Amino acid sequence: MIDTQLWDGEMTCVRHDERTGATFVIALHSTTLGPAAGGTRAMTYPSVDEAVADARRLAHAMSLKMAAADLPMGGGKSVIMLPEPRAKLDDGQWRDILSVHAHNLELLNGSYWTGPDVGTGSGDMDVLARVTRFAFGRSVTAGGPGSSAEATAQGVFSAIQASVREAGESGLDGLRVLVQGLGAVGSRVASLVAEAGARLLVTDVDEARCEPHVAAGARIVPADEVTRTECDVLAPCATGGVIDTDIAATLPVRVVAGAANNILTTDEAERVLHERGIIVAPDFIANGGGAIHLVGREVLGWSASDVLARTALIEKALDDVFASARDQRISPLRAAAARAVARMQP
Ligand code: NAI
Ligand code: PHE
């Protein structure tokens, strides 16, 4: 039974497609600042309810992200609940799924725009864009701005720098930084922190992704030991939901700052971390570089260097959030959400 009570967003659309076996969920959290925008996540889920809950949580985070980055878009997200893991679908099945999704976007007629997210990439946006105008993040060869991973990683690096300063450090030199997930974003974050002098720890369920970093001097941490590993900075760059209330009570780190959306599972986890003096960079600010790249390049006509300059402002935005949290004696996450919500007023 889909819970219609516990969400403050505008609309959730759910469509099951018998032919492909995929279920499509598109959540429009807010269109106050502009059309709702957010990536398309394609993966398996245990139930439709969980797919809906994920789409709604992620759409909410997108509203905060757009407002925090001062972008003229609202927040939305689509989730494609796949009948089987993506790796088991053949190209034809995947193309059919994308074609239903393109039709969904056309039906929404611009109230919702999508881009890449977990399980989709620029090439998939190229396919969607053949049918609909409402997909951004096409590959460079297809005339788009290409992957947002570089900008996201730059923003996360800025967020890590601001957060370690808030933790009383002058810089990253000698600090232990654990990067979880060495995909498009995490591998770049790992390289940036290592270049800044951090002692790098890395983990990925796909161990081969750790190898280049280990060859450059990083230490591997087993994937299931991440939240028990002592370090100065934990940078979750795999999936969200890494820290629940129990983990928050024992997490042996000083700073949490990463790319994943919705790193904490509950408000209670956030309260516990705050009480323990652990600095948490709000993820909807830390990972805003991707949205800045996509919306900046596709909607606002920015150049790559405009995107870089705007992404660099993430460091200052976090300095301001940390200062306002200290003044008000609230957590940075609360301070950041209050600012974003204030910007979202009509
Ligand atoms: P990706 O799919 O390229 O990389 C994810 C990596 O995490 C993969 O190497 C995967 O093997 C690893 N992984 C998955 N589960 C893991 C686990 N339990 N433990 C350790 N490693 C695990 O994804 P990408 O693009 O690097 O994004 C990373 C995160 O950042 C995602 O949560 C995404 O939603 C978020 N994000 C990405 C943006 C972008 O521009 N790519 C923008 C904003 C947020
Ligand atoms: N999925 C990415 C994010 O969560 C990138 C993205 C941003 C996709 C904005 C669409 C719109 O930030």
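All of the numbers you see were taken from the coordinates with simple rules; none came from a lab. Owing to the predicted nature of the structure, the values given are computational and were not obtained by experimental measurement. Reconstructed Cβ throughout: ideal geometry from the backbone, glycine too, with neighbour counts over all protein chains shown.
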>> With the requirement that a residue be among the polar types (S, T, N, Q) and more than 10 Å from ligand 1 (Cβ to nearest atom), what does region 229-248 give you?
In response: T229, T245
> Restricting attention to region 259-315, which residues are within 13 Å of ligand 1 (Cβ to nearest atom), more than 17 Å from G144 (Cα to Cα) and assigned to a helix (DSSP H, G or I)?
Replying inline: D283, F284, I285, A286, T311, I314
>> Go through (1) crowded, with 24+ Cβ neighbours inside 10 Å; (2) within 12 Å of ligand 2 (Cβ to nearest atom) for G181 and report which single condition fails.
In response: (2)
>> If the requirement is being under 17 Å from the mean Cα position of the chain (by Cα), crowded, with 18+ Cβ neighbours inside 10 Å and not small (G, A, S), which of these qualifies: I292, I278?
In response: I292
>> Would you confirm, using the coordinates I've provided, whether D17 is closer than 17 Å to A135 by Cβ, surrounded by fewer than 24 Cβ atoms within 10 Å (Cβ to Cβ) and more than 15 Å from ligand 2 (Cβ to nearest atom)?
In response: no
>> Can you report the number of residues in region 123-154 which are more than 16 Å from the chain's Cα centre (by Cα), polar (S, T, N, Q) and not in a loop (DSSP other than H, G, I, E, B)?
In response: 0
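Results for (1) buried (at least 23 other Cβ atoms within 10 Å of the Cβ); (2) of a type in the set (D, E, K, R); (3) in contact with a helix residue (DSSP H, G or I) (Cβ under 7 Å, 6 or more places away or on another chain); (4) touching a residue at least 60 places away in the same chain (Cβ under 8 Å), shown as yes or no for each residue.
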site: T114; (1), (2), (3), (4): yes, no, yes, yes
site: D124; (1), (2), (3), (4): yes, yes, yes, yes
site: V131; (1), (2), (3), (4): no, no, yes, no
site: A135; (1), (2), (3), (4): yes, no, yes, no
site: A167; (1), (2), (3), (4): no, no, no, yes
site: V185; (1), (2), (3), (4): yes, no, yes, yes
site: R188; (1), (2), (3), (4): no, yes, yes, no
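Here is a yes/no grid of residues against (1) of a type in the set (S, T, Y); (2) within 16 Å of ligand 2 (Cβ to nearest atom):
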residue: V221; (1), (2): no, no
residue: D224; (1), (2): no, no
residue: E230; (1), (2): no, no
residue: G241; (1), (2): no, yes
residue: D246; (1), (2): no, no
residue: T250; (1), (2): yes, no
residue: V253; (1), (2): no, no
residue: V256; (1), (2): no, no
residue: A259; (1), (2): no, yes
>> From the list S47, S78, S63, S99, exactly one residue is within 25 Å of E18 (Cα to Cα) and crowded, with 19+ Cβ neighbours inside 10 Å. Which is it?
In response: S78
> Restricting attention to region 35-73, which residues are without any contact (Cβ under 8 Å) to a residue 60 or more places away in the chain and either assigned to a strand (DSSP E or B) or among the small types (G, A, S) (or both)?
Replying inline: S47, A51, A53, A55, A59
>> Regarding region 193-216, can at least one residue be identified that is of a type in the set (D, E), away from ligand 1 (no atom under 15 Å from the Cβ) and touching a residue at least 12 places away in the same chain (Cβ under 8 Å)?
In response: no
> Within region 314-324, can one find any residue that is within 16 Å of ligand 2 (Cβ to nearest atom), free of Cβ contacts under 8 Å to residues at least 40 places away in the same chain and farther than 18 Å from G38 by Cβ?
Replying inline: no
>> Just to be sure before I move on: is A22 touching a Leu at 6+ places or on another chain (Cβ under 7 Å), over 18 Å from G115 (Cβ atoms) and surrounded by 21 or more Cβ atoms within 10 Å (Cβ to Cβ) in the structure I sent?
In response: yes
